[in-house]
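Read through the structure below, which is laid out as structure tokens, and then see the notes.
The values are calculated or read from the model by the stated rules, or taken from the named source; none is laboratory data. Quantities reported herein were computed from a predicted structural model and do not represent experimental measurements. Glycine gets a Cβ as well: all are built from the backbone with ideal geometry, and neighbour counts include every protein chain shown. For accessibility, only protein heavy atoms count, side chains too; no ligands or nucleic acids. Shrake-Rupley method; radii C 1.70, N 1.55, O 1.52, S 1.80 Å.
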2 protein chains.
Amino acid sequence: MRILLTLLILLSISSRAQTLRAGEAISLIQHSYAAMPPPNTVDTIKAGDPNTLVTGIATTFLDTMEVLQEAVRRGDNLIITHEPTFYNHIDDTKFFTNDPVYKEKLAFIEQHHLVVFRLHDEIHADTTDHILRGMYEELGWDKYPHPPGPRGQYFVTIPQVTLAELSRSLQSKLHIQTLRVEGDPNLSISHVAFLPGSSGLEKQVFALRQPAVEVLIAGEASEWETVEYVRDAVAQSRPKALILLGHEVSEEPGMERCAKDLRELFPGIRVDHIVAGQPLWNPEHGPVSNSPQ
Amino acid sequence: MRILLTLLILLSISSRAQTLRAGEAISLIQHSYAAMPPPNTVDTIKAGDPNTLVTGIATTFLDTMEVLQEAVRRGDNLIITHEPTFYNHIDDTKFFTNDPVYKEKLAFIEQHHLVVFRLHDEIHADTTDHILRGMYEELGWDKYPHPPGPRGQYFVTIPQVTLAELSRSLQSKLHIQTLRVEGDPNLSISHVAFLPGSSGLEKQVFALRQPAVEVLIAGEASEWETVEYVRDAVAQSRPKALILLGHEVSEEPGMERCAKDLRELFPGIRVDHIVAGQPLWNPEHGPVSNSPQ
């Protein structure tokens, strides 16, 4: 039944490639992931008119000014962003009403008739967390055991390696500018908890508490919360460690994967993935190029 | 009147150096900073009995397991910590009731009859933010213009320097393992906003919005919030930048300064500052020594 429905949708889209409206595309994208968004979902249109005819779709970790400019250059007007447009989780703009940075960004979106939709809750909440899956694929870890289902998938067993080796390997594979690590560099690791993004103290500590887990790999963590929990665990001689990849690094491959999904969902429509890039650099190496690719 | 009161208190303490109780010491410490704590202050006793006789006082950025162990070695039983003991801002322990790391830490505090008091709100809220002052003194920036008063003091005018030079200088002076920077390395900087710790999106953006301010120096910031605001400001060709020192680095000197204040307040009592140290390291340099000093 689901396959039949998808086929009917695809046929319908193919024949109307030039008449797809943003609101309609968004509805199809939502239904292609989790069955239902959670209550109070942040997966909403952040700016733009849902009646806009879609000329092209761009997925990204976060629709920075430069990502929006690149989308316009490519002719994409429906932007699917994983993280907020306006600098806070619920895209509340009250604090920014008279802010020049916010006003210029909003004006750019309006001037170029872009539609910005956030795809966060549903892409994480599907039976498979697609952001996590993108990360595993990027690292070649999808071949390692990670039990299916909403809880098991975040735990992956990798070939034994030390914390120092794992850190250097992640830094190199993902071209990370500001990787941060906590724990004994010689700690032997094979049981990894992988929580992309910034999932907060309780989820991060819950993962670290699992007796087998030796390291939590996350996007970011509050330094006075999870980081201090790990520091105490290590001081108590527990075999625990933490690797912070950076928020963008930990979720960008998932949104690249999303672009592949959307190319199948909208065969007649141009779909790009535009990399937001790492915002932070360290004084020894200096910044990487800021141009989105 | 205030001087007379302080003299009376000092006389009283000197003559009772061996009979000072933790609760009494804490009350004196509070009154020596801001006039009143804010409503719902986090400046409370986190563990231990206020009737405990004080054998020595230790100040620290955060009472990690290792800081507590070092305090016991030195004979200090009243711990004045700037940040939480139990991994969240309000030291709520519900989530940790059965957590082995929390239980072992609490058991250590109880077994050694320590008293842990958090000194956060009042040390920041005094007419002079003493944590900020400690930072300026550490950097030799107290001689540069920073208007007095609750708002002006966070803005300091330093001799002109590029962002790259300033970052390298801070990294070197403060021995920072994981300094992170955002913005054009060639940006010319003389107007700095300095917000130690993790003051949150609104305070950080408010500081960056000030037209003269070229860089915000902070302890930490959420990567999807303040960091993305700065990224957009830079893309809009605004002369703005961000330097993240690390939370501990940005507040430890303030708590070292607190130890000096407490030596004056309690002339008959041993007062130590115990450095918590930086929890995170980068794969190129590996960890620094974890032993608190």
Exercise. How far is the Cα center of the range A:248-288 from the Cα center of the range A:53-106, in Å?
Worked result: 14 Å
Problem set entry | Alpha-carbon Rg with Dmax, taken over the range A:235-293, Å | 17.3, 58
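Report the relative contact order of the range B:130-245, percent, no decimals, based on alpha-carbon pairs under 8 angstrom and at least 6 residues apart. Please report the intermediate quantities before stating the final value.
Details: 187 pairs, mean separation 28.6, N = 116.
Reported as a whole number, the value is 25 percent.
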Seminar exercise, completed: So, in nm and shortest first, the distances from B:Q210 to its counterparts in the other copies, with label points 7 Å along Cα→Cβ, work out as 4.6
Exercise. What percent antiparallel are the DSSP beta bridges of chain A, to the nearest 5?
Worked result: 35 percent
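Suppose a student asked you for the relative contact order of the range B:52-91, using Cα pairs under 8 Å spaced at least 6 residues apart; what percent would you report?
Numbers: 51 pairs, mean separation 18.5, N = 40.
Value for the range B:52-91: 46 percent.
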Problem set entry | Nearest 10 degrees, 0 to 90: helix B:247-265 Cα axis against chain B principal axis | 40 degrees
For this session: Starting from the coordinates of the alpha-carbon atoms of chain B, obtain the Kirkwood hydrodynamic radius over all distinct pairs and give the value in Å to one decimal.
Result: 20.2 Å
Problem set entry | Beta bridges by DSSP in the range B:130-245, antiparallel share as percent, to the nearest 5 | 50 percent
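State whether the range A:130-245 is rounded, prolate or oblate according to the following rule on the C-alpha gyration tensor (a ≥ b ≥ c being the square roots of its eigenvalues): a/c under 1.5 gives rounded; otherwise a/b larger than b/c gives prolate, and the remaining case gives oblate. Spell out each step's value before the answer.
Values: a/c = 1.32, a/b = 1.21, b/c = 1.10.
Taking the square roots of the gyration eigenvalues as a ≥ b ≥ c, the range A:130-245 is rounded.
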Seminar exercise, completed: Label points for A:K173 built 7 Å along Cα→Cβ; distances to same position in the other copies, nm, shortest first, come to 4.0
Exercise. What lysines could a cross-link reach from A:K260, if we take a straight Cα to Cα line under 25 Å and drop same-chain neighbours fewer than 8 places away?
Worked result: A:K46, A:K143, A:K173
Problem set entry | Radius of gyration, Dmax [the protein assembly as shown; alpha carbons; angstrom] | 25.7, 92
Exercise. Check A:I189: other-chain or 5+ apart residues with amide H under 5 Å from its amide H, H built from backbone geometry?
Worked result: A:V161, A:T162, A:L163
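If you rank B:E220, B:E256, A:E202 by how much accessible surface each has, with a 1.4 Å probe, what is the order from largest down? Present the calculation step by step, with values, prior to reporting the outcome.
Working: B:E220 15, B:E256 80, A:E202 105 Å².
My answer, sorted largest first, is A:E202, B:E256, B:E220.
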Exercise. When the distances between all Cα atoms of the range B:83-137 are binned every 10 Å from zero, what whole-number percent does each bin get?
Worked result: 20, 39, 25, 16, 0
Exercise. What residues qualify as long-range amide H neighbours of B:R21, i.e. H under 5 Å apart, gap of 5 or more or another chain, H built at 1.01 Å from N?
Worked result: B:V54
Problem set entry | Value of [θ]222 nm, deg cm²/dmol, for chain A, DSSP H segments ≥ 4, -39500 (n - 2.57) each, nearest 500 | -11500 deg cm²/dmol
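Where does each of B:R74, A:R231, B:R21 land when they are ordered by accessible area, with a 1.4 Å probe and the largest first?
On the way: B:R74 65, A:R231 20, B:R21 105 Å².
Most to least solvent-accessible, the answer reads B:R21, B:R74, A:R231.
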Problem set entry | Ordering of A:46-57, B:92-103, B:277-288 by burial proxy (mean other Cβ atoms within 10 Å per residue, highest first) | B:277-288, A:46-57, B:92-103
Exercise. From the label point of A:N186, set 7 Å from Cα along Cα→Cβ, how far away are the matching label points in the other copies, in nm, ordered shortest to longest?
Worked result: 4.7
Seminar exercise, completed: Averaged over the residues of B:215-227, the number of partner chain Cβ atoms within 10 Å of each residue's own Cβ comes to 5
Problem set entry | Proximal aspartates and glutamates relative to B:K103, as straight alpha-carbon distance under 12 Å, when same-chain residues fewer than 8 apart are discounted | A:D232
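How big is the antiparallel share of DSSP beta bridges in the protein assembly as shown, given as a percent to the nearest 5?
Details: 24 of 62 bridges.
Antiparallel bridges make up about 40 percent of those DSSP assigns within the protein assembly as shown.
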Exercise. Tell me, what is the percent relative contact order of chain A, built from C-alpha pairs under 8 Å that lie six or more residues apart?
Worked result: 21 percent
For this session: Please give the average number of partner chain Cβ atoms lying within 10 Å of the Cβ of each residue in A:176-183, rounded to a whole number.
Result: 6
Seminar exercise, completed: In degrees, nearest 10, the alpha-carbon axis of helix A:100-111 is tilted away from the dominant principal axis of the alpha carbons of chain A by 40 degrees
